[in-house]
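Worksheet for the structure shown next.
What follows draws every value from the coordinates through simple rules; no lab data is involved. Everything quoted here is computed from the prediction, not taken from an experiment. Virtual Cβ from ideal backbone geometry, glycine too; neighbours counted across all protein chains shown.
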């Protein structure tokens, strides 16, 4: 009972037991007795109610006390939780700082982006949405950017709730840094679109490099022909590579978990392997030959090597082993002997046997005084046959040549194939023997009659070089060099001739000959590659034109620049082959990009002076246009001022003839030569290229800028396009753009790219 109820009870009791004033004496006594009884009853009831109230009050006090205790406990618990959260937040902040784990918080609703790390890469900690989107596009690798963009869009649009992506960002001008980003949408609107996104970024460069090393190591192990295995300390197989399974005939799943002794068939294998592993434990390695049985049942000899791998405490953790199948050694030795001495294609002696016979001839000369001649023969322009008919038909042609030489050339010490399309002869000399007649017979044997290649009649020419013992030298190596020099001299002079070594050849630049010879081989062996440097249309900010540039991937010298070999090619007949190669590759590549849906890309190809003088130039270019399918207006030929002005009248006729094909003409390096208005108005040119020497420093030199402006104005007044080369910074680009330059190229836009890289750039441009 509460206090309100108790008060009401007292009031009712008083009213019920009050005595009226009008009662008499007799009734007064009765009334008093009654009142007394009533009061006693009331007191009893009051006492009971008070006792009940006291119990209730105690219960309430106890409840309040318990509630107060619980509240105090809750307050203490909340303080503990709060302290723990503070500590946890501190630890998290310290851990993220220590591990360079960056926090990102994207408030999409209010357009605010926060990041705690990688500030040097992604910019300031707090950015607007538009700013961070521009930053991401600028710093993320172009190949990775599309995936990052699509993933973030999927999250923002509600198609993805969380993500984990890895991508590369600019670390510096040359290197890329791998980053892993994890994110989750933590708030969204009624339509499911993201309002807030939280995530982290971390540097995974070391992990990527480690994973790449692991993948590389695994790839090497998986692809090696040697069987490789790993054992645990109990000599049980933990892993085996495919080669071991192939050698033994046991599947990897069968070997795993078995002891190496369990699959061995070596006599007394338990004793043998006990001794092997005792030696490994003592010396960390063992190797030797074992006779084992394959799963299929046949025996084979194997060479086995086992090494111990220790943990950080020095205990043996693993055993690593390698197995080589020796069963094919005898067959391989026999095959090797054949390969060492004979050419597998023509069945003629090869270079090894040739040098051995050359040595024998030198011994006979020293013992018996018998002189001899070394004659070398090289098929001219053989690469054209490879390009036109393929390697298979070219190989058949080489076999035909070898057969003719073997049948028609007699009384030689040796006939050998010493190179791709090179043959060599050692022939003893006598007073009645004429080396010149012999060389002429060789020449006629190769060139006199046509060959049938792919159903077509083909005529060949060759270059022949001759060196004599003892007349020229008695040293084998020098003799071979002299004969090779004679061949190179013949080729340098256009081929299709015989050249006998004489002293005058010693003054001939050996380095130049070697380079020319190597370049010829490079063309034949596919060592040359066409790169493409983009030209940026300043007004549309797009790439729809490229310049074709040749590169030589020399097998030993690495990348050889055009400056080191183009002049040599120009001095020989090679420049024609080289020029046609670049032209053909560029036209075919442009058509390939078109077929890939990358747009109609114009390709510019540089012409040499020798090419310009070639009477068949128009016919050859027309043939390449027809073969490639390129539209002529998307082919541009670049010539220098000096080339044009050497014989201006002849150049005018030639260029007008080329223009009739529908292609375009560009004057390269304008400003460095004649820069004459007279030739510009007479020559059928379409484009002027401002030389890099004028673009360099244009942002800081008023005189340079004045020259550039004048060239642009001049070009436009003649309805010519103007392009600036060698643009390397934004200041140059802005000045050229402000002054109306049509196109620019240079390292600011892009370095020369291989065809694959150029294709990716064009695809990126389309997808942007």
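Round to the nearest 10 and give me the degree value, 0 to 90, for the angle of helix 510-525's Cα axis relative to the longest principal axis of the chain.
60
Specify, per residue and in Å³, the volume enclosed by the convex hull of the alpha carbon atoms belonging to region 237-327.
92
Set the Förster radius R0 to 22 Å, insert the Cβ-Cβ distance between residue 295 and residue 272 as r into 1/(1 + (r/R0)^6), and round the FRET efficiency to 0.05.
Between residue 295 and residue 272 the formula returns 0.65.
Based on alpha-carbon centroids, what's the gap between region 264-287 and region 711-731 in Å, whole number please?
That distance is 78 Å.
Using a Förster distance of 60 angstrom, determine the FRET efficiency expected from the C-beta separation of residue 149 and residue 714, and round it to 0.05. The partial results should precede the final answer.
Values: r = 44 Å, r/R0 = 0.73.
The computed FRET efficiency comes out at 0.85.
Work out how much length residue 312 to residue 103 would gain on full extension: take 0.36 nm times their residue separation and subtract the Cα-Cα distance, in nm to one decimal.
Stretched out fully, the residue 312 to residue 103 stretch lengthens by 71.6 nm.
Taking a spot 7 Å from the Cα of residue 205 along the direction of its beta carbon, which residues of region 154-198 have an amide N less than 13 Å from it?
168-180
I want the antiparallel fraction of DSSP beta bridges within the chain, as a percent rounded to 5.
Of all bridge pairs located within the chain, approximately 80 percent are antiparallel.
Taking Cα atoms, how many degrees apart are the long axis of helix 435-447 and the longest axis of the chain, rounded to 10 and kept between 0 and 90?
Once rounded, the angle reads 50 degrees.
On C-alpha positions alone, give me the angle between the axis of helix 382-408 and the longest principal axis of the chain, in degrees, nearest 10.
For 382-408 against the chain, the angle is about 40 degrees.
If packing is taken as the average count of other Cβ atoms within 10 Å, what order do 229-236, 552-559 fall into, highest mean first?
Result, highest mean first: 229-236, 552-559.
When the helix-only estimate is applied to the chain (DSSP H runs of n ≥ 4, each -39,500 (n - 2.57), divided by the residue count), what is the mean residue ellipticity at 222 nm, nearest 500 deg cm²/dmol?
On the way: 26 runs with 382 residues, N = 768.
Result for the chain, helices only: -16000 deg cm²/dmol.
Mind jotting down the distance between the C-alpha centroids of region 401-416 and region 514-535, whole Å?
33
To the nearest 0.05, what FRET efficiency results for residue 172 and residue 212 with a Förster distance of 25 Å applied to their C-beta separation?
With R0 = 25 Å, the Cβ-Cβ based efficiency is 0.80.
Residues of region 752-768 with amide nitrogen under 20 Å from the 7 Å Cα-to-Cβ point of residue 137?
760-768
Where the centre of each part is set by its Cα atoms, how far does region 428-454 sit from region 141-197, in angstrom?
What the calculation gives is 73 Å, centre to centre.
For residue 253 and residue 56, calculate 0.36 nm times their separation in residues minus their Cα-Cα distance, and state this gained length in nm to one decimal.
Numbers: separation 197, 0.36 × 197 = 70.92 nm, distance 7.95 nm.
Here the answer is 63.0 nm.
Provide the gained length on full extension for the span residue 324 to residue 448, in nm with one decimal, where the gain is 0.36 nm per separating residue minus the Cα-Cα distance.
Contour length minus the Cα-Cα distance gives 39.4 nm.
Please compute the modelled spin-label separation between residue 161 and residue 682, points set 7 Å along Cα→Cβ, answer in nm with one decimal.
It works out to 8.0 nm between the two label points.
Please sort 417-430, 652-665, 448-461 by packing, taking for each peptide the average over its residues of neighbouring beta carbons within 10 angstrom, highest first.
Ranking the peptides 417-430, 652-665, 448-461 by packing returns 417-430, 652-665, 448-461.
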